[in-house]
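Below is one structure, written out as structure tokens; comments come after it.
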Protein chains: 2
Amino acid sequence: MPSPTVVHDLDQAYLTIMQSRAQGTKWGLVPTMGALHDGHLSLVQAARETCDAVAVTIFVNPTQFGPGEDLDRYPRTWEADLAALEQHQVDLVFAPTIESMYPPGCTTRVRPSDVAADLEGRFRPDHFEGVATIVLKLFQVLPAEHAFFGQKDYQQCLVVRDMVRDLNLPIHLSFRPTVREADGLALSSRNRYLSDVDRQRALGLSRALAAAAARAHQGERDPQRLEALATQVLEDAGVDRIDYVALRDADTLVPLKELADRAVMLIAAHVGATRLIDNRVISVVASEAASQG
Amino acid sequence: MPSPTVVHDLDQAYLTIMQSRAQGTKWGLVPTMGALHDGHLSLVQAARETCDAVAVTIFVNPTQFGPGEDLDRYPRTWEADLAALEQHQVDLVFAPTIESMYPPGCTTRVRPSDVAADLEGRFRPDHFEGVATIVLKLFQVLPAEHAFFGQKDYQQCLVVRDMVRDLNLPIHLSFRPTVREADGLALSSRNRYLSDVDRQRALGLSRALAAAAARAHQGERDPQRLEALATQVLEDAGVDRIDYVALRDADTLVPLKELADRAVMLIAAHVGATRLIDNRVISVVASEAASQG
């Protein structure tokens, strides 16, 4: 199996993609911070199925971490990442240095759309500015025709969706379902932080989402009652601190007065020293909703 | 002489450039707000000389005007613009609607680099965010290899330079000298606002810059004295209000303690209801500067 071409240099990455595109090759891009798990690899798989060639970026982006967050201890697993990408027949791995992506004086940023303001934006004030900026930069350095993101980072998907639309970026986006462990835990590079006991308590997030979804399908339409139910499940699981449990419009993330056709429940909670997020789209078909009206 | 292709639709503009690029055509881009004058046309000329094909955008960008500014009365001279562009053998004119560039909910923006904070940024707080955003959008819709801007908008050139560097935009930039009337007045679409009397008073800007440059070449190295001289010339010319007279580092726009190798003097002043800007790079050769030390 051929190893992926590993590129650290920005110009080389750009020229590689452009020269290949000129020959008709359709590229798919999977931006990551490394510490790859099956969620990332499902994105690679989707890119492989849609595109002729796949580029994966591995870059722990400092501008999306706040002061006191886990930038320093964020897992770096380069050898294992590269082996996994080789196994998944990735063509190009782009792994730039921090200095090459953010040289001194680099202060231009992307200010994300209104969808970034609440939820993660409230608890991590500069997070989405960092995300939007690095994603736009990667889209320029690696001008693929298609990019793939995981819905585990639901709000991030909407930030990127809005950025691509608002700034007319010429790239197609695919958002892929969250990959979970058999017991429901959403895959995350940060799961490596969890002790066995924390790992059990972390199940509270997916269980809370499942409980709210089940109750919604039984007919509950009141967002506050659904949020209260999910909060109770989280507390019963013994999480240490809840940042938010929010049922929102799935497209705009605005609060809902009543559960509508497409809603999403989003959770952020702390288990030990680890902050976890998870979400679940709660789809109540229109006729079902109407019959409750 | 063939008329330029006029394109209003974003997708059509993108596909036109991309298909042409695929055949090896090198495109030059000249973003404008219309009301074209010989300054714009010198950019078109430069693009013609450097590139195989030239695209000019005509779009009065609302997001770079502040409340109470001249968005509504900004001159629109579509027929004359198109005739001039035809005469200059422009290949493509892109003239989108406001609604297509800023559809409802379009809130993602480019936050410009630190170079935007002072001077124009102080008097027109959201101006450069609007400029950076529209320029990035136009670069995406019309993916040319080369773009041309006029140094009359000196700070804008630096904002665009920083944006292209910081966000890794794959485009070459050329900044071209300000074109002036015989008596020194910098060409500007806003000169159309000036009455005959205002037109005479407006000469204060270029005269102030010339006076400061002459004094610098005579050996004056003190920025404050050079600024005071320029201010005096402006006042003598009878301008109504001075926003700033500033001698700055030509690359970073930071204030200088002493006139150095590359400095720029920038002026913004009001003549009647018209706000005008002008600037002049004041280049004192290193040996000349050293001999004064």
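The values are calculated or read from the model by the stated rules, or taken from the named source; none is laboratory data. Values in this document were obtained by computation on a predicted structure and should not be read as measured data. A quick note on method: Cβ atoms are made from the backbone with ideal geometry, for glycine too, and the neighbour counts reach across all protein chains shown.
How many residues are at pLDDT below 95 and either of a type in the set (A, V, I, L, M, F, W, C) or assigned by TED's automatic domain parsing to the domain that holds residue A:73 (or both) if we restrict to the stretch A:260-272?
So the answer is 1.
Can you name every residue in the stretch A:226-248 that is exposed (fewer than 15 other Cβ atoms within 10 Å of the Cβ) and farther than 13 Å from residue A:268 by Cβ?
Listed by number, the residues that qualify are A:228, A:232, A:235, A:236, A:238.
Considering each of A:138, A:158 in turn, give the residue that is closer than 26 Å to residue A:24 by Cα and not in a loop (DSSP other than H, G, I, E, B). Reasoning before the result, please.
Working: A:158 fails: closer than 26 Å to residue A:24 by Cα.
After applying the criteria, what remains is A:138.
Those residues that are within 17 Å of the chain's Cα centre (by Cα) and more than 17 Å from residue B:102 (Cβ to Cβ), I need them from the stretch B:71-80; list them, please.
B:75
Listed here are the residues, each with its yes/no results for (1) within 29 Å of residue B:110 (Cα to Cα); (2) over 21 Å from the mean Cα position of the chain (by Cα).
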site: A:39; (1), (2): no, no
site: A:56; (1), (2): yes, no
site: A:59; (1), (2): yes, no
site: A:64; (1), (2): yes, no
site: A:69; (1), (2): yes, no
site: A:82; (1), (2): no, no
site: A:101; (1), (2): yes, no
site: A:107; (1), (2): yes, yes
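Scan the stretch B:141-174 for residues that are of a type in the set (D, E, K, R) and within 12 Å of chain A (Cβ to nearest Cβ) and jot them down.
Within the stretch B:141-174, B:145, B:161, B:162, B:165, B:166 qualify.
Provide a single number: the residues in the stretch A:110-130 that are within 12 Å of chain B (Cβ to nearest Cβ) and either of a type in the set (Val, Ile, Thr) or buried (at least 21 other Cβ atoms within 10 Å of the Cβ) (or both).
6
Scan B:186, B:116, B:144, B:202 and give me the residue that is more than 23 Å from residue A:143 (Cβ to Cβ) and touching a Phe, Trp or Tyr at 6+ places or on another chain (Cβ under 7 Å).
B:116
Quick check on residue B:191: is it modelled with pLDDT of 95 or more and either touching a Phe, Trp or Tyr at 6+ places or on another chain (Cβ under 6 Å) or assigned to a loop (DSSP other than H, G, I, E, B) (or both)?
Spelling it out, it is not the case that residue B:191 is modelled with pLDDT of 95 or more and either touching a Phe, Trp or Tyr at 6+ places or on another chain (Cβ under 6 Å) or assigned to a loop (DSSP other than H, G, I, E, B) (or both).
Could you check the stretch B:241-266 and list, in sequence order, the residues that are within 18 Å of the chain's Cα centre (by Cα) and not in a strand (DSSP E or B)?
Across the stretch B:241-266, the qualifying residues are B:250, B:251, B:252, B:253.
Please verify whether the stretch B:108-119 includes one or more residues that are part of a loop (DSSP other than H, G, I, E, B) and polar (S, T, N, Q).
yes
Step by step: first the residues of the stretch B:126-137, then only those that are out of contact with any Gly (no Cβ under 7 Å at 6 or more places or on another chain) and not hydroxyl-bearing (Ser, Thr, Tyr), then the one that is farthest from residue B:246 (Cα to Cα). Which residue is that?
Per the criteria, the residue is B:137.
Mind checking which residues of the stretch B:120-133 are of a type in the set (Asp, Glu) and either farther than 27 Å from residue A:164 by Cβ or assigned to a loop (DSSP other than H, G, I, E, B) (or both)?
If the condition is that a residue be of a type in the set (Asp, Glu) and either farther than 27 Å from residue A:164 by Cβ or assigned to a loop (DSSP other than H, G, I, E, B) (or both), then B:120, B:126 are the ones that fit.
Looking at the stretch A:52-60, can you tell me whether even one residue there is in contact (Cβ under 8 Å) with a residue 60 or more places away in the chain and farther than 28 Å from residue B:25 by Cα?
Within the stretch A:52-60, one or more residues are in contact (Cβ under 8 Å) with a residue 60 or more places away in the chain and farther than 28 Å from residue B:25 by Cα.
Quickly run through the stretch B:216-228 and pick out the residues that are part of a helix (DSSP H, G or I) and over 20 Å from residue B:180 (Cβ atoms).
Result: B:223, B:224, B:225, B:226, B:227, B:228.
Between a first residue in the stretch A:250-268 that is in contact (Cβ under 8 Å) with a residue 60 or more places away in the chain and a second residue that is β-branched (Val, Ile, Thr) and surrounded by fewer than 20 Cβ atoms within 10 Å (Cβ to Cβ), which pairs have beta carbons less than 8 Å apart while being 6 or more apart in sequence or on different chains?
Taking only residues 6 or more apart or on different chains, the pairs are A:264/A:281; A:267/A:242; A:268/A:242.
Any idea which of (1) surrounded by fewer than 18 Cβ atoms within 10 Å (Cβ to Cβ); (2) within 21 Å of the chain's Cα centre (by Cα); (3) of a type in the set (S, T, N, Q) is the one residue A:195 doesn't satisfy?
Result: residue A:195 passes all but (2).
Mind listing whichever residues of the stretch A:161-188 are crowded, with 19+ Cβ neighbours inside 10 Å and part of a helix (DSSP H, G or I)?
A:162, A:163, A:164, A:166
When you look at residue B:138, is it more than 12 Å from chain A (Cβ to nearest Cβ) and surrounded by 18 or more Cβ atoms within 10 Å (Cβ to Cβ), yes or no?
Spelling it out, it is not the case that residue B:138 is more than 12 Å from chain A (Cβ to nearest Cβ) and surrounded by 18 or more Cβ atoms within 10 Å (Cβ to Cβ).
Does residue A:230 satisfy being under 30 Å from residue A:68 (Cβ atoms) and touching a helix residue (DSSP H, G or I) at 6+ places or on another chain (Cβ under 6 Å)?
On the way: under 30 Å from residue A:68 (Cβ atoms): yes; touching a helix residue (DSSP H, G or I) at 6+ places or on another chain (Cβ under 6 Å): yes.
Taking the combined requirement at face value, the residue satisfies it.
So which residues in the stretch B:83-102 are under 19 Å from residue B:61 (Cβ atoms) and touching a residue at least 12 places away in the same chain (Cβ under 8 Å)? Talk me through it step by step, then tell me what you get.
Residues of the stretch B:83-102 under 19 Å from residue B:61 (Cβ atoms): B:85, B:92-102.
Within the stretch B:83-102, B:85, B:92, B:93, B:94, B:95, B:96, B:97, B:98, B:100, B:101, B:102 qualify.
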